[in-house]
1. At a Cα cut-off below 21 Å, give the lysines reachable from Lys202, other chains included and same-chain residues fewer than 8 away excluded.
2. Please get the size of the charge dipole for region 278-364, origin at its Cα centre, with Cβ charges of +1 on Lys and Arg and -1 on Asp and Glu, quoted in debye to the nearest 20.
3. Between 0 and 90 degrees, rounded to the nearest ten: what's the tilt of helix 260-282 against the longest Cα principal axis of the chain?
4. Where in region 71-143 are there GluC sites (Glu not before Pro) that are in a DSSP coil and have at most 14 other Cβ atoms within 10 angstrom of their Cβ?
5. State the answer as a single residue: which of Phe163, Leu151, Thr127 lies farthest towards the positive end of the charge dipole of region 43-259, with beta carbon charges of +1 for Lys and Arg and -1 for Asp and Glu, about the Cα centre.
6. Output the antiparallel fraction of DSSP beta bridges having both residues in the chain, as a percent to the nearest 5.
7. Please report Rg over Rh for the chain, where both radii come from the alpha carbon positions and Rh follows the Kirkwood definition.
8. Going from the alpha-carbon gyration tensor of region 42-156, what semi-axes, largest first and in whole Å, does one get by taking the root of 5 times each eigenvalue?
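None of the figures in this text is laboratory data; all of them are computed from the coordinates on show. Remember, it's a predicted structure, so these values are computed and weren't measured experimentally. When we count neighbours, we look across all protein chains shown, and the Cβ atoms used for this are built from the backbone with ideal geometry, even at glycine.
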Amino acid sequence: MQSQQTPRPTHGGNLVWAASWAGCPPADILDFSASINPLGLPQSAVLAIQANLAALRDYPDPEYLALRQALSQQHNLPIDWILPGNGAAELLTWAGRELAKLAATYLLTPSFSDYLRALNGFGAKITRQPLKLESAPPHLLIPAPPGCGLLLNNPHNPTGRLFSVQAILPLLYQFALVVIDEAFMDFLPPAQQQSLIELVPKYPNLVILRSLTKFYSLPGLRLGYAIAHPERLKRWQTWRDPWSVNLLAAEAGVAVLQDYAFQQRTWDWLPPARQQLFDRLAALPALQPFPGSANFLLVRSQMHVPTLQQQLLSQHQILIRDCLSFPELGESYFRVAVRTVSENQRLLDALADCLPSLASPHDS
């Protein structure tokens, strides 16, 4: 059994930690803690990786021209406005370095814990702006003095709330630097997205971060990109290691960006699967899911979530994402990815089995 002294992970997807609780190999864990596309690795990525294995003897193109050109075509931007990274997390680090230069950085909380890593690593002053979970305001009202920065994600993690372009636009005039993490935006069909990418050329103080690993189920490859003013991206280049993106990740990225069939399959799968999971979670006693626009759902539980998490692992080999790393949420909330219909049903059956066995919210 897992030692109580072992630190809990602050991110989802830690299958080694989960397997130690469950007493099984990591491969046996059904992971609802990491919000990754359950349709799996696109065949286009597999073929691109296989075709380029022999090229591992060479260094990657330090300019990543092919990948940047593919992204340029997707977003209709010149390539010098685009910087690939070793996952969006690497680019978040450099955004944190920029934000740390300002008087303060405002965070909409609860917020992704990696934002604190990126900001604290450079000594940024952080001001938390609480987000009301029960309502979706038409405008984001964030009172702040001049000379401050703002870091937010859209759709918001962990609530899944989608902010409109109109709600965010006034903030570009209010803050000296606005960094928007759009890691889950591509799970929405293009007509429903509320991305600010097309506004970046008009606003030098706007930075957009994107992930290619969640939608395309490539977290092990680590691939993301930033869209910002070329002068800012040139500065980031001087801060980071050369060849931040490995060759196979770059080639897979080019392939999946052109995989329109996989993109459409994902957009067809997600809305009905998410709605069905939401409805069935809402029907379970002691649970209140929140509507969301991404590929995950935040759930309030009347039961003690760490205990529920442990029972799901030990009895069903299922991992949910506790919200202990979100101080505003704590032990009463968990987050689950939307997976396939059969996998979602396995989660629902396991929850129905475990929830009545929890006698008290404070049992451990």
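1. List returned: Lys234.
2. Here region 278-364 has a charge dipole of around 200 debye.
3. Computed tilt is about 30 degrees.
4. Here the GluC sites (Glu not before Pro) that fit, given the DSSP loop and packing criteria, are Glu134.
5. Value computed over the given set: Thr127.
6. Bridges in the chain that DSSP calls antiparallel: roughly 50 percent.
7. Working: Rg = 20.5 Å, Rh = 21.3 Å.
Taking Rh as the inverse mean 1/r over Cα pairs, Rg/Rh reads 0.96.
8. Values: eigenvalues 246, 62, 42 Å².
Gyration-tensor ellipsoid for region 42-156: 35, 18, 15 Å.
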